[in-house]
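Visitor: Right, I'll just put the structure down here and ask away after.
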Amino acid sequence: MAHPIHRITSFRAVGPFTLAVSFTDGTEQRIDFRPVLRGALLGPLRDPAVFDRVVLDPEAGTLVWPNGADFDPATLHDWPQVSEELARRARTWPDPSSRRAS
């Protein structure tokens, strides 16, 4: 059984925390990342100045941020099918900014 390998060819900002992402198969997804920007890795992307530093990693064919955050290109390609589940899981990720100093 063949498993398609998705790669991102380009992206552009279309709104706050929202990107239009184009793939090698000619499809495009408009992705609002806000529901999944939680936890230690993705939470810092809630800062627009950090989120807007996204780049396309040409070797991996996906979006990456300077703090090491990224997404599997297949997840981004299939965003309409996976976003609700990913957002549900993200709500369980601890928010490091809410931790008290010990």
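We did not get these values from a lab; they are worked out from the coordinates using the rules stated. Here the structure is a predicted model, which means the values were calculated and not measured. Note that we place each Cβ from the backbone using ideal geometry, even for glycine, and neighbour counts take in every protein chain shown.
Visitor: Do we have L45 as buried (at least 18 other Cβ atoms within 10 Å of the Cβ), without any contact (Cβ under 8 Å) to a residue 40 or more places away in the chain and in contact with a helix residue (DSSP H, G or I) (Cβ under 6 Å, 6 or more places away or on another chain) here?
Guide: Numbers: buried (at least 18 other Cβ atoms within 10 Å of the Cβ): yes; without any contact (Cβ under 8 Å) to a residue 40 or more places away in the chain: yes; in contact with a helix residue (DSSP H, G or I) (Cβ under 6 Å, 6 or more places away or on another chain): yes.
Considered against the rule, which asks whether it is buried (at least 18 other Cβ atoms within 10 Å of the Cβ), without any contact (Cβ under 8 Å) to a residue 40 or more places away in the chain and in contact with a helix residue (DSSP H, G or I) (Cβ under 6 Å, 6 or more places away or on another chain), L45 comes out as yes.
Visitor: Still on this structure, I have one more. What do you reckon, is A2 in a loop (DSSP other than H, G, I, E, B), among the hydrophobic types (A, V, I, L, M, F, W, C) and loosely packed, with under 15 Cβ neighbours inside 10 Å?
Guide: Yes.
Visitor: Tell me, please, whether a residue that is more than 15 Å from T62 (Cβ to Cβ), touching a Ser or Thr at 6+ places or on another chain (Cβ under 8 Å) and assigned to a strand (DSSP E or B) can be found in the range 5-17. Give the derivation first.
Guide: In the first step, residues of the range 5-17 are kept if they are more than 15 Å from T62 (Cβ to Cβ); the result is 12-17.
If we keep only those that are touching a Ser or Thr at 6+ places or on another chain (Cβ under 8 Å) too, we end up with none.
No; the residues of the range 5-17 include none that is more than 15 Å from T62 (Cβ to Cβ), touching a Ser or Thr at 6+ places or on another chain (Cβ under 8 Å) and assigned to a strand (DSSP E or B).
Visitor: Right, next: Just to verify a result, which residue in the range 48-65, among those that are touching a Lys or Arg at 6+ places or on another chain (Cβ under 9 Å) and surrounded by 17 or more Cβ atoms within 10 Å (Cβ to Cβ), is farthest from D95 (Cα to Cα)?
Guide: T62
Visitor: Taking the stated definitions as given, is P44 of a type outside the set (D, E, K, R) and farther than 25 Å from T24 by Cα?
Guide: It is true that P44 is of a type outside the set (D, E, K, R) and farther than 25 Å from T24 by Cα.
Visitor: Quick check on the range 22-42: of everything there that is in contact with a Lys or Arg (Cβ under 8 Å, 6 or more places away or on another chain) and over 18 Å from A87 (Cα atoms), which residue is surrounded by the fewest Cβ atoms within 10 Å (Cβ to Cβ)?
Guide: T24
Visitor: In the range 51-76, which residue that is small (G, A, S) and part of a loop (DSSP other than H, G, I, E, B) is nearest to T18 (Cα to Cα)? Let's see the steps before the verdict.
Guide: Step one: filter the range 51-76 for residues small (G, A, S), giving 60-61, 68-69, 74.
Applying the additional criterion that residues be part of a loop (DSSP other than H, G, I, E, B) yields 60-61, 68-69.
Numbers: A60: 21, G61: 18, G68: 19, A69: 16 Å.
Out of the qualifying residues, it is A69.
Visitor: Scan the range 35-50 for residues that are in a loop (DSSP other than H, G, I, E, B) and aliphatic (A, V, I, L, M) and report the count.
Guide: Taking the range 35-50 as the starting set, the residues that turn out to be in a loop (DSSP other than H, G, I, E, B) are 37-38, 47.
Then keep just the ones that are aliphatic (A, V, I, L, M); that gives 37.
Residues flagged as in a loop (DSSP other than H, G, I, E, B) and aliphatic (A, V, I, L, M) within the range 35-50 amount to 1.
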